[in-house]
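Visitor: Okay, here's the structure, questions in a sec.
Where a number appears in this text, it was derived from the coordinates with a stated rule and is not lab data. Note that the coordinates shown come from a computational prediction; the quantities given were computed from them, not determined experimentally.
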Amino acid sequence: MGNCNDSMVEELQSCESHQWYRKFMTECPSGLLTFYEFKKFFGLKNLSASSNAYILTMFRTFDMNDDGFIDFMEYVAALSLVLKGGVQQKLRWYFKLYDIDGSGCIDRDELLQIIKSIRAINGIPHEMSAEDFANMVFDKIDVNGDGELSYEEFMEGVQNDEMLLKTLTESLDLSHIISKIKGEMRV
Ligand SMILES: [Ca+2]
Ligand SMILES: [Ca+2]
Ligand SMILES: [Ca+2]
């Protein structure tokens, strides 16, 4: 039967966009998802404050024109990135997601907040504390030591470190959310 994750991705990639369109239009007849609807759409309920903050950041990253809604084009763009995007594209998107205040750099608090939120959502126990992990990331890739990760430091540092790349892409592959969509589409 092969690898379950591979077949899931193949299955999702073979999905016709009209299926996604139908789901979007059924759950969101106005064609615009608010943050509240976005959470409902993905079945995200009873989130802790930090998870809620993470989902809000994700929502804002999807909302490319910053109008407070996710329209169908933004929805499709986000899904196709998640499903098909290459490493560079994904990292670029993660950088935007991590840079919560949009300053163009990721500081330690932003990284810590994201790590904590991701862990809360994924619910997987980790050997290393979120604080230690954030410190390790900065030790490794904050090349000029100014306490912030620039876009260049982030892109180069993560791509040149197999462990970081694996950890970041795995923790952020959104498989949790995709499996929720997939579950609903089967019904
Ligand atoms: Ca929008
Ligand atoms: Ca920032
Ligand atoms: Ca730096």
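Visitor: Would you mind calculating the relative contact order of region 81-138 from Cα pairs under 8 angstrom and at least 6 residues apart, reporting the percent as a whole number?
Guide: Answer for region 81-138 is 24 percent.
Visitor: Right, next: Figure the gain on full extension for N65 and N135 (residue separation times 0.36 nm, minus the Cα-Cα span) and round it to one decimal in nm.
Guide: 21.9 nm
Visitor: Here's something else I'd like to know. Give me the percent of Cα-Cα pairs in region 125-164 that sit more than 13 Å apart, rounded to a whole number.
Guide: Every Cα pair in region 125-164 considered, those over 13 Å come to 52 percent.
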